[in-house]
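Enquirer: Questions regarding the structure given below will be posed in turn.
The values are calculated or read from the model by the stated rules, or taken from the named source; none is laboratory data. Keep in mind the model is a prediction, meaning the values are calculated, not measured. Reconstructed Cβ throughout: ideal geometry from the backbone, glycine too, with neighbour counts over all protein chains shown.
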Amino acid sequence: MESLKEKKIKKIKKIKKDDLKILFDKLRESYTVIGPKLSQGVVVLSEAGFEDLPAGFRDYQARGTYRLTDEKAVDVFSFSNGPDSFKRFLHPPLNEIFSFRKSKKGIAIEPAAKEGRPIAFVGIRACDTWALKLYDRIFLEGPARDPSYSALRKDSLVIAVNCPHPGDNCFCSSMGTGPEVTPEVTDVADIVLSELEKSFIVEASTPAGSDILEGIAGEEATDRDLEEKRSRIESCKKAMKKSVPYGELPELIYRNLEHPRWKDTAKRDLECGNCTQVCPTCFCNSSYDLIRLSGFSQKGAELKGVRIRKWDSCFSRNFARVHGGNFRPSRRARYRQWMAHKLAYTKEQFALPGCVGCGRCITWCPAGIDITEELEALKGVR
Amino acid sequence: MKRPRIGVFKFASCDGCQLTILNMEEELLDIIELYDIAYFREATDKPLRGEFDLSLVEGSISTDRQRKEVVEIRERSRHLITIGACATSGGVQALRNWASLPAYKKTVYPSPETIEALSTSTPISDHVYVDYELWGCPIDTDALAETLVSFLMGKRPAVPVYSLCMDCKVKAIACLLVSRAEPCLGPITKTGCGVLCPSLDRPCYGCFGPMEGANIESLMELFKKNGLSHKECMLLIDKMNTYAYRKARIEQGL
């Protein structure tokens, strides 16, 4: 396994911590660089340069709580995931898909142009590379290729990072989706960074990644550096506080579809949809036609507008409302659908995990509902 | 095709929602082209005459006279849509529903004996059948425009009914509850304002009322954990949508 991995990696270098700036600058020549940045007291993803990295900051996360402090830590990636993920940029929350004009001649449809430079993501964690892989499978590799996602994803670049520290709600280790960017996901991570005490190990895993590394001077990574990388990943795994019984999935869910716990959860559940909006794998959306008053002619001969795709959520009441009624009429049914989709159905549909253990849903749930605790409760006696 | 006749009516309210219609400056000419504005006292002095294809009703039912008038308006209207927090949930004047009318009268008016009012202020839907409700204090112009277009097309307006949180996330606003423990009503409140307060770094005040199935009790439990008393929690929902929030709370079984 180890030798196979080494073969796949085309380039491996060691660079000084400050030389990360060179990487950023090089990326900025041809990409819109999206990276972690401080905003509104949290770490968001936004157009960012090296100087924007919240280096030294540490986030304290608990159920329904997020606080950020400047601890002047030595590590650049001292912080963990904030609420954002790549999905804000590749599957935009409010996305114009096409414009249309209906006249006597018929309907004319004009796809919305997705212009602009390709995106380079810097600092994507292992968990999110798994989520990105899932997105690729859904939006690119399914029976229908999504034109919007495809245009935004095409030529994009991912600079992933092996996590030096877990967030307080992280459980990727038990999901098998982190904290290391493993060979299963190096196809979506063009470059992988590993932060050491005094340097970064930079590994290119795709041709696009090695092109970028070409122009960056570095030293050869020694066996000792690789050993430090390994031990840092191990210590991150050990520091992870939460876990899920991954081996018992999906049966644990299927066996317990009528467990009384769902009702208990529904009492606390706010149905606000926050968990789904911050989840890097939740992709549900709804479309509607925006027709302005000026786009409507009373004679009915002309009609023009735009088709908008907007993030939606299985927690929205209208999401399962169809002709004849709502097929998920209760809060209990909606919560169960969400959790079962994450932990059971997605894997069967797409052969990839639907939950990547990033812990965002735990942190950003105002009611503090913890998916790991809910899963644990299903194991209890009914 | 004849332009549908539209009437704009008002009961107990501040006129803010009617003004919102007049504030749709870029769309006013389009509205006039598509609709025959047959009655709108805020804008024209046309007398009340005939029947209406669509009535937009602002304000709550606060007096005995209004109780009769709203029935008359319903009879004249093929479709009736309420606009704003007063018409859809009784408005801020519904605070008296949980207090004594004489005490309120005395507090508010210098000559309380001249005030004729019912002991409650109630939404239009408590009195007549309402086809559609536009929430908000005041209503959102985009939602009204969407409703007016949808009416002409005979379709359901694409006005979302989910929580404000959903649009906070669209706008990449960090959750004020999670990151700062602010008492934000977002998780139980219908979206529609364009995330006005959180965009300005303030928690949601609930201008758009409770979303369908709002879990008010769970949010209050959270506020209490953050140090608020029960009374302070109630004060948060006792504003322009007090009637709707309290009703939702009772329907929740509390």
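Enquirer: Can you work out which of the residues in region B:15-51 that are of a type in the set (V, I, T) and over 23 Å from the mean Cα position of the chain (by Cα) is nearest to B:C86 (Cα to Cα)?
Expert: B:T44
Enquirer: Taking strands (runs of 3 or more DSSP E) that do not extend beyond region A:48-155, which have at least 2 residues that are surrounded by 18 or more Cβ atoms within 10 Å (Cβ to Cβ) and away from chain B (no Cβ under 14 Å)?
Expert: Counting at least 2 such residues, we get A:119-125.
Enquirer: With of a type outside the set (S, T, Y), under 23 Å from B:K247 (Cβ atoms) and within 11 Å of chain A (Cβ to nearest Cβ) as the only criterion, which of B:P203, B:P210, B:P160, B:P138 stands out?
Expert: B:P160
Enquirer: Is it the case that some residue within region A:353-373 is in the same structural domain as A:R328 (by TED's automatic domain parsing), touching an Asp or Glu at 6+ places or on another chain (Cβ under 6 Å) and of a type outside the set (F, W, Y)? Let's see the steps before the verdict.
Expert: Just the residues of region A:353-373 that are in the same structural domain as A:R328 (by TED's automatic domain parsing), to begin with: A:353-373.
Narrowing further to those that are touching an Asp or Glu at 6+ places or on another chain (Cβ under 6 Å): A:362.
In the following step, the residues that additionally are of a type outside the set (F, W, Y) were identified as A:362.
Yes.
Enquirer: Would you point out the residue of region A:30-47, among those that are touching a residue at least 24 places away in the same chain (Cβ under 8 Å) and more than 17 Å from the chain's Cα centre (by Cα), that is farthest from A:G64 (Cα to Cα)?
Expert: A:S30
Enquirer: List the helices (runs of 4 or more DSSP H) that sit entirely inside region A:237-290 and contain at least 1 residues that are of a type in the set (S, T, N, Q).
Expert: Result: A:261-268, A:274-278.
Enquirer: In the same structural domain as A:H165 (by TED's automatic domain parsing), loosely packed, with under 15 Cβ neighbours inside 10 Å and in contact with a Leu (Cβ under 8 Å, 6 or more places away or on another chain) - does that describe any residue in region A:10-25?
Expert: No - not one qualifying residue is present in region A:10-25.
Enquirer: Which condition number does A:K304 fail, the rest of (1) touching a Gly at 6+ places or on another chain (Cβ under 8 Å); (2) part of a loop (DSSP other than H, G, I, E, B); (3) outside the structural domain of A:E373 (by TED's automatic domain parsing) being met?
Expert: In the conditions (1) touching a Gly at 6+ places or on another chain (Cβ under 8 Å); (2) part of a loop (DSSP other than H, G, I, E, B); (3) outside the structural domain of A:E373 (by TED's automatic domain parsing), A:K304 misses (2) alone.
Enquirer: Could you please give the count of residues in region A:257-280 that are within 12 Å of A:M339 (Cα to Cα) and polar (S, T, N, Q)?
Expert: 2
Enquirer: Only one of (1) surrounded by 19 or more Cβ atoms within 10 Å (Cβ to Cβ); (2) within 12 Å of chain B (Cβ to nearest Cβ); (3) of a type outside the set (S, T, N, Q); (4) not in a helix (DSSP H, G or I) fails for A:Y335. Which number is that?
Expert: All conditions pass for A:Y335, except number (4).
Enquirer: What number of residues in region B:128-182 are in a strand (DSSP E or B) and modelled with pLDDT under 95?
Expert: Pass one, region B:128-182, residues in a strand (DSSP E or B): B:132-134, B:163.
This time we only want the ones that are modelled with pLDDT under 95, so: none.
Counting residues in region B:128-182 that are in a strand (DSSP E or B) and modelled with pLDDT under 95 gives 0.
Enquirer: Could I ask something else about it? Can you say whether A:I201 is in contact with a helix residue (DSSP H, G or I) (Cβ under 8 Å, 6 or more places away or on another chain), surrounded by fewer than 23 Cβ atoms within 10 Å (Cβ to Cβ), assigned to a strand (DSSP E or B) and at pLDDT 95 or above, as far as the supplied structure shows? Break it down stepwise before answering.
Expert: Working: in contact with a helix residue (DSSP H, G or I) (Cβ under 8 Å, 6 or more places away or on another chain): yes; surrounded by fewer than 23 Cβ atoms within 10 Å (Cβ to Cβ): yes; assigned to a strand (DSSP E or B): yes; at pLDDT 95 or above: yes.
Yes, satisfied.
Enquirer: Of everything in region A:219-236, what is outside any loop (DSSP other than H, G, I, E, B) and either within 14 Å of another protein chain (Cβ to nearest Cβ) or surrounded by 12 or more Cβ atoms within 10 Å (Cβ to Cβ) (or both)? Give them in sequence order.
Expert: Across region A:219-236, the qualifying residues are A:D225, A:L226, A:E228, A:K229, A:R230, A:R232, A:I233, A:E234, A:S235, A:C236.
Enquirer: Working only within region B:74-97, note down all residues that are aliphatic (A, V, I, L, M) and over 18 Å from B:S150 (Cβ atoms).
Expert: Selection gives B:A85, B:A87, B:V92, B:A94, B:L95.
Enquirer: Which of the residues that make up region A:301-327 are farther than 30 Å from A:C361 by Cα and either within 7 Å of chain B (Cβ to nearest Cβ) or in contact with a strand residue (DSSP E or B) (Cβ under 9 Å, 6 or more places away or on another chain) (or both)?
Expert: Residues of region A:301-327 farther than 30 Å from A:C361 by Cα: A:301-306, A:323-324.
A:A301, A:E302, A:L303, A:K304, A:G305, A:V306 - these are the residues of region A:301-327 that are farther than 30 Å from A:C361 by Cα and either within 7 Å of chain B (Cβ to nearest Cβ) or in contact with a strand residue (DSSP E or B) (Cβ under 9 Å, 6 or more places away or on another chain) (or both).
Residues checked against (1) in contact with a helix residue (DSSP H, G or I) (Cβ under 8 Å, 6 or more places away or on another chain); (2) part of a strand (DSSP E or B); (3) free of Cβ contacts under 8 Å to residues at least 24 places away in the same chain; (4) not assigned by TED's automatic domain parsing to the domain that holds B:L134:
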| position | (1), (2), (3), (4) |
| --- | --- |
| B:A38 | no, yes, no, no |
| B:R74 | no, no, no, no |
| B:T88 | yes, no, no, no |
| B:Q93 | yes, no, no, no |
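Enquirer: Okay, next question. Could you figure out which of (1) farther than 30 Å from B:L29 by Cα; (2) in a helix (DSSP H, G or I); (3) free of Cβ contacts under 8 Å to residues at least 24 places away in the same chain isn't true of A:R328?
Expert: (2)
Enquirer: Please state which one of B:V178, B:V195 is within 11 Å of chain A (Cβ to nearest Cβ), touching a helix residue (DSSP H, G or I) at 6+ places or on another chain (Cβ under 9 Å) and farther than 23 Å from B:G90 by Cβ. Walk me through how you get there before you give the answer.
Expert: On the way: B:V195 fails: within 11 Å of chain A (Cβ to nearest Cβ).
Every option except B:V178 fails the conditions.
Enquirer: Continuing with the same structure: When you check B:K106 against the structure, is it touching a Pro at 6+ places or on another chain (Cβ under 6 Å) and not assigned by TED's automatic domain parsing to the domain that holds B:L185, yes or no?
Expert: Yes.
Enquirer: Sticking with this one: Would you pick out the residues in region A:338-369 that are within 14 Å of chain B (Cβ to nearest Cβ), aliphatic (A, V, I, L, M) and in a helix (DSSP H, G or I)?
Expert: Matches in region A:338-369: A:I362 only.
Enquirer: Among the acidic types (D, E), under 26 Å from the mean Cα position of the chain (by Cα) and in the same structural domain as A:S316 (by TED's automatic domain parsing) - does that describe any residue in region A:261-272? Before the answer, list the steps.
Expert: The first filter runs over region A:261-272 and keeps only residues among the acidic types (D, E), leaving A:264, A:269, A:271.
Restricting the remaining residues to those that are under 26 Å from the mean Cα position of the chain (by Cα) gives A:269, A:271.
Applying the additional criterion that residues be in the same structural domain as A:S316 (by TED's automatic domain parsing) yields A:269, A:271.
So far as region A:261-272 goes, yes, one or more of its residues are among the acidic types (D, E), under 26 Å from the mean Cα position of the chain (by Cα) and in the same structural domain as A:S316 (by TED's automatic domain parsing).
Enquirer: Still on this structure, I have one more. With the requirement that a residue be of a type in the set (D, E) and in contact (Cβ under 8 Å) with a residue 12 or more places away in the chain, what does region A:193-213 give you?
Expert: The answer is A:E195, A:E197, A:E203.
Enquirer: Given the condition at pLDDT 95 or above and within 30 Å of B:M153 (Cβ to Cβ), answer yes or no: does some residue in region A:75-88 qualify?
Expert: No, because not a single residue in region A:75-88 is at pLDDT 95 or above and within 30 Å of B:M153 (Cβ to Cβ).
Enquirer: Here's another thing I want to ask about it. Please find, among B:E212, B:E221, the residue that is modelled with pLDDT under 95 and either buried (at least 18 other Cβ atoms within 10 Å of the Cβ) or outside the structural domain of B:T20 (by TED's automatic domain parsing) (or both). Lay out the reasoning, then the answer.
Expert: Working: B:E221 fails: modelled with pLDDT under 95.
When all the criteria are applied, what remains is B:E212.
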